[in-house]
Ligand code: NAD
């Protein structure tokens with residue numbers, strides 16, 4: 001069985017004291033082993049990144065930009081190949097995998113504008129004969145730790161900007177679908193990135209802890225579940241590093257009675273069940289105001305009947321399996337417990353039969369979900385849509401604002417005033433108005449509020465340039481030495 005290796009200083013490294021199986025979720029079969037890094041292997045990757053740093057820092061901005069222009073072309077050309085890798089290890093359907101690559105490309109395109117992004121500021125004559133300017137310099141070696149659900153897009157959220165800003169990187173992808181990161185690292189190399197600027201270590205907590213504790217690593221970007229995000233934030237910041245740690249979500253879609261029901265049902269089904277609900281911006285709760293639920297639920301049921309669930313490589317499939325057998329059991333247990341929590345299971349995904357040993361489950365729709373139930377409070381991360389009924393808009397917004405997560409949210413309405421009010425008062429980092437999954441385009445930054453993000457900087461886009469650089473402010477004067485004298489007073493700006 002092939003071993004998925006690390007990638008250090010431009011080479012594949014098969015350093016595997018331990019290994020872990022990588023499954024094809026559509027068949028349930030183990031297809032590869034992935035190397036699980038020891039602390040020594042991670043130290044080796046950190047050392048490679050440290051060695052590559054001085055030369056990469058000195059590389060001209062035009063040469064750096066060249067890498068991203070080349071990478072953009074390569075990623076476009078190789079999209080079918082990379083999408084097939086994603087589908088074989090993650091399970092999402094091929095079109096969805098290609099979609100994730102396209103969204104990741106936005107970050108590459110953003111990074112290729114690095115000349116503009118890294119511009120400093122200058123102020124002339126701030127005091128007589130004195131000028132001030134600022135520059136943005138890299139922070140050094142940075143760590144990128146990513147989840148299973150977007151094995152291409154989320155690494156690109158981090159590494160494109162980090163590298164463009166002159167840093168070197170150690171990427172620790174998810175051990176569940178590790179091949180995509182290796183493919184990306186080799187594509188970067190083909191695009192002209194010098195060896196050691198981007199290193200990949202495969203592994204688990206041992207690798208992550210080594211990165212968090214290394215004094216060489218200056219900044220940590222993490223995306224994953226909330227308990228891990230919280231602990232990463234605490235450990236890395238206690239070690240004096242910059243940290244951005246994005247966590248889990250429970251994204252609410254508020255439906256007002258005036259919303260177009262067909263359009264809203266299309267959006268709810270797409271956003272709840274796309275990628276089997278394994279998206280951090282998936283809609284997992286519909287908050288239906290007034291009588292909207294009575295019209296929306298049958299419309300959603302109609303659409304569910306027509307969904308095709310199957311192997312992601314089959315062009316007819318609209319939804320694939322879950323990532324692991326454990327994930328499927330976990331999702332099933334929430335559906336099993338829903339009725340006891342006072343909800344009505346309208347469609348039970350456990351009842352759908354699938355041939356073979358893939359990690360498939362059908363989609364579920366649960367009505368009359370109570371705000372104090374586990375189905376409502378927890379991130380299920382599967383194809384389960386909960387419907388909470390409320391009487392008023394105010395009650396709906398209050399529910400959303402009281403939830404521990406604040407990643408994305410959306411309102412569906414034809415009323416511009418209500419939409420504006422929602423934007424103003426809702427407590428979430430990303431808001432959609434008649435848009436169910438409002439993932440910002442690459443020229444903006446992505447991030448949630450509350451337990452969906454630890455740290456104060458959002459990921460990719462302009463905030464990433466801030467995160468991956470240190471600013472230096474330089475004050476300059478060129479006085480006539482003849483006029484020089486000792487002056488113990490505090491310098492004032494006259
Ligand atoms: P996860 O937290 O289990 O794993 C994320 C990363 O952390 C992986 O690289 C994993 O190897 C590592 N890890 C796991 N346990 C660890 C530990 N104890 N110590 C140190 N490192 C550890 O998340 P996942 O299951 O891979 O991904 C799904 C989660 O990610 C969901 O909660 C989802 O909402 C979240 N997510 C959030 C966003 C966002 O932008 N906010 C985006 C994508 C996914």
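Computed from the coordinates by the stated procedures, all read-outs in this text should not be read as laboratory data. What you are looking at is a predicted structure, and each value in this text was computed from that prediction instead of being measured. When we count neighbours, we look across all protein chains shown, and the Cβ atoms used for this are built from the backbone with ideal geometry, even at glycine.
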Once the piece of chain linking residue 402 and residue 434 is laid out straight, how much longer is it, given 0.36 nm per residue of separation minus the C-alpha distance between them?
9.3 nm
Using only the alpha-carbon atoms, how far is helix 94-111 inclined from the longest principal axis of the chain? Give it as 0 to 90 degrees, nearest 10.
20
Rounded to 0.05, the calculated FRET efficiency for the beta carbons of residue 33 and residue 305 at R₀ = 56 Å is 0.90
Neighbouring Cβ atoms within 10 Å as the yardstick, rank 449, 157 fewest first.
449, 157
List the relative contact order of the chain as a percent without decimals, with contacts defined as Cα pairs under 8 Å and 6+ residues apart.
18
I'd like the distance between the alpha-carbon centres of the range 373-423 and the range 326-370, rounded to an integer number of Å.
21
Using only the alpha-carbon atoms, how far is helix 79-90 inclined from the longest principal axis of the chain? Give it as 0 to 90 degrees, nearest 10.
60
To make sure I understand, if each residue's beta carbon is the centre and we count other beta carbons within 10 Å, what order do 295, 477 fall in, fewest to most?
477, 295
Mind giving me the nanometre distance, one decimal, between the label points for residue 17 and residue 456, set 7 Å out from Cα along Cα→Cβ?
3.9
Can you tell me how the chain classifies by the Cα gyration tensor, rounded, prolate or oblate, using a/c under 1.5 as the rounded cut?
oblate
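Please order 263, 253 by the number of other Cβ within 10 Å, starting at the fewest.
Fewest-to-most ranking of 263, 253: 263, 253.
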Shape of the range 251-433 from its Cα gyration tensor (a ≥ b ≥ c, root eigenvalues): rounded if a/c is under 1.5, otherwise prolate when a/b > b/c, or oblate?
prolate
Of all DSSP beta bridges in the chain, antiparallel share, percent nearest 5
40
By per-residue mean of other Cβ atoms within 10 Å, what is the highest-first order of 371-379, 22-30, 416-424, 402-410?
402-410, 22-30, 371-379, 416-424
For helix 261-273, what angle does its Cα long axis make with the longest principal axis of the chain, in degrees from 0 to 90 and rounded to 10?
70
